[in-house]
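Q: Before I ask anything, let me first share the structure, which is written out below as structure tokens.
Derivation of every value follows stated rules applied to the coordinates shown; laboratory data play no part. Small disclaimer: the values here were computed from a predicted structure and weren't measured. When we count neighbours, we look across all protein chains shown, and the Cβ atoms used for this are built from the backbone with ideal geometry, even at glycine.
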Amino acid sequence: MSDVRIGAGIRRRRQGLGMSQAAFAQELRAAGLARASHQTWASRLEKGEQALRLTDAVIVAETLGCTLDDLVGAGEAAQPDNVRLGVEMSIRALTDLMGKL
């Protein structure tokens, strides 16, 4: 899981709520996340330039009305790269199994 992917998920959720980055930062500050001092912090977070601490992630998820799993995309449909990786791992596992037969 990359900061860029998490940031993109945060951006989608924020936009889905019709919330600006400035309003998002303000909501985060009100919820106790002092680091979210300005819209710039929210922008950096969404671009993957700002790493997210676990304690901060909880506040971000609550502010966006979602779970941590939702925030990191654990419930999203498989992405093409993940599908390819899964297929490659399955082929390796089957090849190893066939070699043992």
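Q: What does the range 3-75 give for Rg and for Dmax, in Å, if only its C-alpha atoms count?
A: Considering the range 3-75 through its Cα atoms, Rg and Dmax are 10.5, 30 Å.
Q: What are the ³J(HN,Hα) couplings of the range 52-60, residue after residue, when phi is run through the Karplus curve with 6.51, -1.76, 1.60 and θ = phi - 60°? Round to Hz, x for glycine and proline.
A: Using θ = phi - 60°, the values come out as 10, 6, 4, 4, 6, 4, 4, 5, 4 Hz.
Q: Between ALA34 and THR55, what length comes free when the chain is fully extended (0.36 nm per residue of separation minus the Cα-Cα distance, one decimal in nm)? Kindly include the intermediate steps, with their values, before the conclusion.
A: Numbers: separation 21, 0.36 × 21 = 7.56 nm, distance 1.20 nm.
Gain on extension, ALA34 to THR55, equals 6.4 nm.
Q: Quote the FRET efficiency, to the nearest 0.05, computed for GLN15 versus SER90 with a Förster distance R0 of 35 Å and r equal to the Cβ-Cβ distance. Provide the component values of the computation, followed by the final result.
A: Details: r = 35 Å, r/R0 = 1.01.
E between GLN15 and SER90, to the nearest 0.05, is 0.50.
Q: Express in nm, to one decimal, how much length is gained between LEU97 and ARG44 on full extension, taking 0.36 nm for each residue of separation and deducting their alpha carbon distance. Spell out each step's value before the answer.
A: On the way: separation 53, 0.36 × 53 = 19.08 nm, distance 4.57 nm.
Extending this stretch completely gives an extra 14.5 nm.
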